[in-house]
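**Student:** Just dropping this structure here.
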């Protein structure tokens, strides 16, 4: 089987969530099929500037073809069009212009996909919201498999994506919440799909004691791993932790691992270690009592999975449907909706270490059952085998032509954020 | 995916979360979820929009009008002359200079163009005002709940304060009574330890008031002291029948209040009518202190 992985950016140093997921899956699928990556020359997702050389490359043994981006993103134009599409009644032409402005606009990549459609059995497109996924999947609708990596954000309400989400051959979701969201937005419940997360490379040797010694940390502590940013809910984390620490006699410490773009509160119970190596990250999680995930938007949260893989419980923000759903399904994490719940939950971890350990053990079992690489690989391979067996009749909605020039300019489409409001909310209970 | 519901016998996240919320409720009093606050806000919103109940569908209409996109048109300077038929469009363009001899269509086009813009802005403001109103009502409801909670906390604090004040008064009166009784009575057998440990007690052998030796005071008071000793001896013989030897000399905690609070030795105090429960009573449980102690509340 020959597979093309089409992703907006690709490289060993590119650390975006979807891109990292694409690379891990690609490297694992290369053991089962002949895999080639088709991507842009960009490294920066804000500008899509051509930074890597076009043409062939090899990354960790996987062949890669890079195509230049026609023009870097104009942030101002993109912001203006985003405001139109997300908040105002708009037209199909507005949506097309928005998609074009979002990028990475690489007509050469689309042209290559169209002219080499017979070379590959399937094209796996990552991230539904980008230019290459929409135009690429339109070019090869009968061989397109989509990994949407959709989150609860207005882009899912853009009408242009409805035929994309419902017109591909198969869809691979990261979580059941993502599947419910996409089903609600596009009504694509009938097409073959799987919910397959991402495995994680857990080192064989974990040394929590080494971490404590290296950073001079004593006593029980909670850990946060990731960018320290308002978008990740860290300002709320600091506020809630302040309330918790003042109300407890022997509060847990808070250890932060990651680059910060927020000022860290001046509190002796908060330790900021900055960016740490993978080794320190895993040792740190293993040394901690609980991992805190304060983010509002997560499509999977690999760090939470890694904590479970190491037998550690998680305290997650309940406002993020995915995290709450993961905690409920795994039975290995608590969640908070407000400061009181945060304080009480942390206090629970501090007071009942045995039960906290039991939560962690359940998390480890959950990870092994659903997120170990052999499990994930098998799910991908099974889906592709199924799609190979089942031939599709007709082109599907993706092959339908766009409206005519005049119709395309009629401002009749509702704002994307209105559409988003109508989509299912809350954690998913079904697998 | 396969079965997602791995359940451990010992832990259940949903149960733990229920316990956590129950603890919060105990601490905070009333606790509303986000959904409940929204429902309350919706009720407030309805009342706010329709105070007389004259128009039952008003809320729904406002919601629809406020959130549904309004159809608008675009009007440019060429709109008046447009047509989907190309020849007609061409003829109109050709005759436009002649038309302009009769009247100037430009101000008309300009005004209609502006009107389209005003319509668009108005639609936008309507959406904003709906959202603003909605958020204000939501926030007001949230504040109302918060005020209710704070009121409850103030009440709780006030009752705790009352309790502490009563307790303080009881302890003060205890100390006061002890010092008074120490002036009245000399240290006696079976009460020696208590007398020595009492905070306002003079050194053994001296009265609190005068500092004179106890023997001197006994001699001064003469027959009354002798009569008291006789009464005590008689009472000792009567109650001694059912009592364990030496019980009368059981050491008693120095502070009656503490003895009552920890309750470690109930019933072992040698409480004669002069020295017993009547004195320690207020410290054990001050009058009117049926209210649970702060520690009791925490434990609830």
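**Student:** Can you give the average number of partner chain beta-carbon atoms within 10 Å of each beta-carbon in peptide B:16-24, as a whole number?
**Tutor:** So the per-residue partner count for this stretch is 5.
**Student:** Just check the stretch A:342-415 against the gyration tensor rule for me: Cα atoms, a ≥ b ≥ c as the square roots of the eigenvalues, rounded for a/c under 1.5, and otherwise prolate or oblate depending on whether a/b exceeds b/c.
**Tutor:** Judged from the Cα gyration tensor, the stretch A:342-415 comes out oblate (a/c at least 1.5, b/c at or above a/b).
**Student:** In Å and from the alpha-carbon atoms only, list the Rg and Dmax of the stretch A:1-96.
**Tutor:** Every Cα atom of the stretch A:1-96 included, Rg and Dmax give 16.0, 48 Å.
**Student:** For the residues A:257, A:327, what sequence is obtained by ranking on other C-beta atoms within 10 Å, fewest first?
**Tutor:** A:257, A:327
**Student:** On to the next question. Relative to 2.2 N^0.38 Å, what does the C-alpha radius of gyration of the stretch B:98-141 come to as a ratio? Two decimals please.
**Tutor:** Normalised Rg, Cα atoms only: 2.09.
**Student:** Between 0 and 90 degrees, rounded to the nearest ten: what's the tilt of helix A:176-186 against the longest Cα principal axis of chain A?
**Tutor:** 30
**Student:** Ok, one more. Using the count of nearby Cβ atoms within 10 Å as a rough guide to exposure, how do B:77, A:180, A:57 rank from fewest to most?
**Tutor:** B:77, A:57, A:180
**Student:** So, one more: Could you give the alpha-carbon Rg of the stretch A:278-431 over 2.2 N^0.38 Å, rounded to two decimals?
**Tutor:** Compactness ratio reported: 1.42.
**Student:** May I pose another question? Could you estimate the translational diffusion coefficient of chain A from the Stokes-Einstein equation, with Rh from the Kirkwood formula over C-alpha pairs, at 37 °C and 0.692 mPa s, in whole µm²/s?
**Tutor:** 144
**Student:** Rg and Dmax of the stretch A:166-216, Cα atoms, in Å?
**Tutor:** Gyration radius and largest Cα-Cα distance of the stretch A:166-216: 19.5, 55 Å.
**Student:** Peptide A:87-96: average number of partner chain Cβ atoms within 10 Å per residue?
**Tutor:** 2
**Student:** Quick one: divide the alpha-carbon radius of gyration of the stretch A:174-306 by 2.2 N^0.38 Å and tell me what you get.
**Tutor:** In units of the 2.2 N^0.38 Å rule of thumb, it is 1.24.
**Student:** From the Cα gyration tensor of the stretch B:99-186, with a ≥ b ≥ c the square roots of its eigenvalues, which class applies: rounded if a/c is under 1.5, or else prolate if a/b is larger than b/c, or else oblate?
**Tutor:** Prolate, since a/c reaches 1.5 and a/b exceeds b/c.
**Student:** Related question: Evaluate the stretch A:232-334: find the radius of gyration of its Cα atoms, find its Kirkwood radius, and give the ratio Rg to Rh.
**Tutor:** With Rg and the Kirkwood Rh in hand, the quotient comes to 0.94.
**Student:** Hull surface divided by four, with the convex hull built on the Cα atoms of the stretch A:53-156: how many nm²?
**Tutor:** 7.8
**Student:** Sort A:24, B:176, A:135 by Cβ crowding within 10 Å, fewest neighbours at the top.
**Tutor:** Fewest-to-most ranking of A:24, B:176, A:135: B:176, A:24, A:135.
**Student:** Angle between the Cα long axis of helix A:17-29 and the longest principal axis of chain A, 0 to 90 degrees, nearest 10?
**Tutor:** Helix A:17-29 sits at roughly 80 degrees to that axis.
**Student:** Further question: At R0 = 30 Å, how high is the FRET efficiency between residue A:261 and residue A:425 if r is their beta carbon distance? Nearest 0.05 is fine.
**Tutor:** The pair residue A:261/residue A:425 has a calculated efficiency of 0.55.
**Student:** Relative to the longest principal Cα axis of chain A, at what angle does helix A:75-87 sit, 0 to 90 degrees, rounded to 10?
**Tutor:** Helix A:75-87 sits roughly 90 degrees off the main axis of chain A.
All of the numbers you see were taken from the coordinates with simple rules; none came from a lab. As the structure is a computational prediction, the values presented were derived from the model and not from experiment. Cβ sites come from the backbone with ideal geometry, for glycine too, and all protein chains shown count toward neighbours.
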